[in-house]
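The values are calculated or read from the model by the stated rules, or taken from the named source; none is laboratory data. For clarity, every value in this text was computed on a predicted model and none was experimentally measured. A quick note on method: Cβ atoms are made from the backbone with ideal geometry, for glycine too, and the neighbour counts reach across all protein chains shown. Calculation scope for accessible area: heavy atoms of the full protein, side chains included, ligands and nucleic acids excluded. Shrake-Rupley method; radii C 1.70, N 1.55, O 1.52, S 1.80 Å.
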Amino acid sequence: MDFRLKVNFKKSFIDLITSLIFVFKNFFGLIFFPYKTLRRLSFEKDYYQSFFIFFLIFCYFKFVYFLKDKPYPATFNFLVFFANFFLTLLFFYYLSLILNKKRKDISFLSLFFTFSYSLFPTLIWFGSVSFLYIILPPPRTTSTLGIFFSIFFLAYSFSLLAWKLILVFLSLRFSLKLNFYQIIYLLILYLLWFLPYSIILYRFKIFKIPFI
Amino acid sequence: MKTVNYQLKRKLNEIFIVEPNDLGMRFLTLGYKFLVRYLKTAPFLIIVPFSFLLGYLLYLFFGFLIVRLVTLLQYGF
């Protein structure tokens, strides 16, 4: 009997490169056409794309480990983030099963996929802030330049927050087939437990601002 | 022809994945559709100017406290 593992490395490599190209294509789609892109992504099944997004997040945690004072290991932070991410998905998924009568239309994997793409604004904000920490470290001053920079930074943060909210809303809309009121209701319920949980994470110095 | 039909069916299934939102009252639904129209395509064209306006309004309202807020946010990663 022949038990040799037959792995087609060439095909796997091509699949990985193709998925990476799709990640870039979808990233620009989320900037210019978030509605159509997330609607299409809710049908997607190429999980290599999610792997790349989580790999980028892992690289961010590795990078930030060297900037912090007495940090936890990067792998630990990544695992905590991953646990938070799954807790969030499970929360929305199981509550949507209660709210939505058409249960067979709801897919956890579709939610996982669309929600992983909604991590892009979070990754960009955290990545850019950690990069700014190197080139323009705080504190900011009350000089004219300091105020201009403060207004610019707040505008930048609000823009990314708005983008994040749009992507989360569309993820819930297309993956869980919820209407406007159901999504707002779920988001309020989510914040009711996530905000105290974030304070606990802050107290333990794991995340000052939750990475979600 | 079969390919065109298949792609058309797939596109229609994708477009009608969810029912259109109905907020219960007609003026709410119309207001929602009016706002959302600008956020479906290139939302940054609306969001970025509004964010700068919001940042400026925060400065007018809170003054130099926004500098402290930004300092806190810069430590937030």
Scanning region A:119-134 for residues that are at the interface with another protein chain (Cβ under 7 Å from one of its Cβ atoms) and either touching a residue at least 40 places away in the same chain (Cβ under 8 Å) or open to solvent by 60 Å² or more (accessible area, probe 1.4 Å) (or both) gives A:PHE126, A:SER130, A:TYR133
Across region A:71-118, the tally of residues that are touching a Lys or Arg at 6+ places or on another chain (Cβ under 8 Å) and open to solvent by 10 Å² or more (accessible area, probe 1.4 Å) stands at 7
For region B:1-19 the number of residues that are within 17 Å of A:ASN179 (Cα to Cα) and either facing chain A (nearest Cβ under 9 Å) or open to solvent by less than 90 Å² (accessible area, probe 1.4 Å) (or both) is 5
Quick check, is A:PHE81 within 12 Å of the chain's Cα centre (by Cα), closer than 26 Å to A:LEU189 by Cβ and in contact (Cβ under 8 Å) with a residue 40 or more places away in the chain?
yes
From the option list A:LEU165, A:LEU191, A:LEU154, single residue qualifying as of a type outside the set (Phe, Trp, Tyr), closer than 24 Å to B:THR41 by Cα, open to solvent by 20 Å² or more (accessible area, probe 1.4 Å) and free of Cβ contacts under 8 Å to residues at least 24 places away in the same chain is A:LEU165
From the option list B:LEU23, B:LEU8, B:LEU39, B:LEU54, single residue qualifying as outside any helix (DSSP H, G or I) and closer than 24 Å to A:TYR35 by Cβ is B:LEU23
Going through (1) open to solvent by less than 20 Å² (accessible area, probe 1.4 Å); (2) within 9 Å of chain B (Cβ to nearest Cβ) one by one, A:PRO137 fails only at (1)
Checked A:ILE14, A:ILE21 against criteria (in a helix (DSSP H, G or I), modelled with pLDDT under 95, open to solvent by 60 Å² or more (accessible area, probe 1.4 Å) and of a type in the set (Val, Ile, Thr)); the one match is A:ILE14
Within region A:200-212, restricting to residues that are part of a helix (DSSP H, G or I) and hydrophobic (A, V, I, L, M, F, W, C), the one that is farthest from A:PHE28 (Cα to Cα) is A:ILE200
request  = Would you mind stating whether B:THR41 is at pLDDT 90 or above and either open to solvent by less than 90 Å² (accessible area, probe 1.4 Å) or not charged (D, E, K, R) (or both)?
outcome  = yes
